[in-house]
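The values are calculated or read from the model by the stated rules, or taken from the named source; none is laboratory data. Small disclaimer: the values here were computed from a predicted structure and weren't measured. All Cβ positions, even for glycine, are placed from backbone atoms using ideal geometry, and neighbour counts span all protein chains on display.
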Amino acid sequence: MNNDLYAQINPPHRLLMGPGPINADPRVLRAMACQLIGQYDPAMTEYMNQTMALYRQLFRTENRWTMLVDGTSRAGIEAILLSAIRPGDRVLVPVFGRFGHLLCEIARRCRADVHTIEVPWGEVFTPDKIEYAIQRLRPRALLTVQGDTSTTMLQPLAELGDICRRHDVLFYTDATASFGGNALETDAWGLDAVSAGLQKCLGGPSGSAPITLSPKMEAAIRRRRCVEQGIRTAEHRDGEEEMIYSNYFDLGMVMDYWGPERLNHHTEATSMLFAARECARVMLEEGLDKGIARHALHGEALVAGLEGMGLRIYGDKQHKMNNVTGVVIPEGIQGEQIRHCLLNDFAIEIGTSFGPLQGKIWRIGTMGYNARKDCVMQTLSALEAVLNRHGFRTVQGAALQAAWDRYDASAGVTR
Ligand SMILES: *Cc1c(COP(=O)(O)O)cnc(C)c1O
């Protein structure tokens, strides 16, 4: 065996400016390098409680059940949908991008009766349109995506909670891509469940999904039966309703593990918990509102630079996420060639696109640890050079000057 093939892992240096994952904050990587402790060590259970308290602040909620699902963001989505949706339940999914389709697919696996409404990609829904569909379909749950990275659009959620309350509908959102970089008010907006991930604005690796559940959602979950009589000890197990078709994602059992009962379920992914706790700590140290404003600033500077280069921004700019920007690939330019050149010659990764947008736009992220001026300036200058090399002529230097102007304006600098 040629052991040279198996040298120590040493990934190449990259600046990750795509729609996620992005470079992790070094503080998060350091937290992950800490030694393990037992899952019932008082130090460990204390870290779990602290993690719950930190995420309550980030989700802007009083919800007791604010915790982690071990797995990537879609583990959080699946856990919530499997635990909340009973076979046959009618659900409504407003689809405005790829992740709306993911919610539909997962809901179908829960054997829900799935109904969708759609807007063209690059747009979002008005509250009226969603309320009209709720009145017509009478769903048990409304499943939304807050920021759909596939289109870069941010669905306004603030008015949907009241609508859901009036019609007795459970209200869920997948905030993976938007969380920490755009406002999200779990309690004020009447959300019953929210799930997120670390690898976007939180500046960590994928592999842990912070979630929060309202008391109403908790009650819905605890009405579900547990399969095995032998391990019934906690309240949710006396439920009347059809069982949850997963052990790992049975949030009733996950709650009993995170709660004072500490009933054995999975072994909490310790290093990921350290990462999730550090992500939240770092974000709260900066201040959530300041962090959101930072994402807005670097997103706007990037847009100014791209427009300064003569490129067009994709979609409804009024409803764009702060942290991801879609750029229309100019006529005659091969999108993939540009991406390869950026990666090979500058070690900068930007994103491609899916479905109807494939080959039409690039997606550039300014999020988490990479929502920084130096990252924006480097990406703009590299992209400008690569585009000129491939025959798209720009006024050289205009992009950086436009981005600088945006930064100076926010700092009150006049020249
Ligand atoms: C990036 C993203 C995810 C990621 O899910 P993973 O399971 O962590 O890959 C989920 N939802 C949305 C809206 C996203 O943008």
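Tabulated values for the structure
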item: Which numbered condition Thr151 fails, given (1) buried (at least 24 other Cβ atoms within 10 Å of the Cβ); (2) farther than 22 Å from Ile313 by Cα; result: (2)
item: Filter result (farther than 27 Å from Ser150 by Cβ and not in a loop (DSSP other than H, G, I, E, B)) within the range 10-38; result: Pro26, Arg27, Leu29, Arg30, Ala31, Met32
item: Of residues in the range 149-179 being outside any loop (DSSP other than H, G, I, E, B) and over 17 Å from Ala220 (Cβ atoms), the one farthest from the ligand (Cβ to nearest atom); result: Arg166
item: Some residue of the range 197-220 being at pLDDT below 95, buried (at least 20 other Cβ atoms within 10 Å of the Cβ) and in a loop (DSSP other than H, G, I, E, B); result: no
item: Pairs with Cβ under 9 Å, 6+ apart, first in the range 60-82 and on the phi > 0 side of the Ramachandran plot, second more than 15 Å from the ligand (Cβ to nearest atom); result: Arg60/Ala183; Arg60/Glu185; Arg60/Thr186; Arg60/Asp187; Arg60/Ala188; Arg60/Trp189; Arg60/Leu288
item: Residue match in the range 126-135 (condition: within 15 Å of the ligand (Cβ to nearest atom) and in contact (Cβ under 8 Å) with a residue 12 or more places away in the chain); result: no
item: The listed residue being at pLDDT 95 or above and in contact with a Gly (Cβ under 6 Å, 6 or more places away or on another chain), out of Pro19, Pro26; result: Pro19
item: Residues of the range 94-148 classified as acidic (Asp, Glu) and either buried (at least 21 other Cβ atoms within 10 Å of the Cβ) or in a strand (DSSP E or B) (or both), total; result: 3
item: Top-ranked residue of the range 56-89 - restricted to ones that are under 15 Å from Glu218 (Cβ atoms) and basic (Lys, Arg), ranked as farthest from the ligand (Cβ to nearest atom); result: Arg64
item: Hits in the range 194-214 - residues which are touching a Ser or Thr at 6+ places or on another chain (Cβ under 7 Å), of a type outside the set (Ser, Thr, Tyr) and either more than 11 Å from the ligand (Cβ to nearest atom) or in the same structural domain as Arg372 (by TED's automatic domain parsing) (or both); result: Val194, Ile211
item: Test: residue in the range 299-321 that is of a type in the set (Asp, Glu) and over 21 Å from Thr149 (Cα atoms); result: no
item: Test result for Gly326, at positive phi and buried (at least 21 other Cβ atoms within 10 Å of the Cβ); result: no
item: Members of the range 378-403 that are under 19 Å from Ile313 (Cβ atoms) and without any contact (Cβ under 8 Å) to a residue 40 or more places away in the chain; result: Ser381
item: So Gly100, is it out of contact with any helix residue (DSSP H, G or I) (no Cβ under 9 Å at 6 or more places or on another chain), touching a residue at least 24 places away in the same chain (Cβ under 8 Å), closer than 21 Å to Tyr245 by Cα and not acidic (Asp, Glu); result: no
item: From the options Leu302, Leu288, Leu297, residue that is surrounded by fewer than 19 Cβ atoms within 10 Å (Cβ to Cβ), modelled with pLDDT of 95 or more and in contact with a helix residue (DSSP H, G or I) (Cβ under 7 Å, 6 or more places away or on another chain); result: Leu288
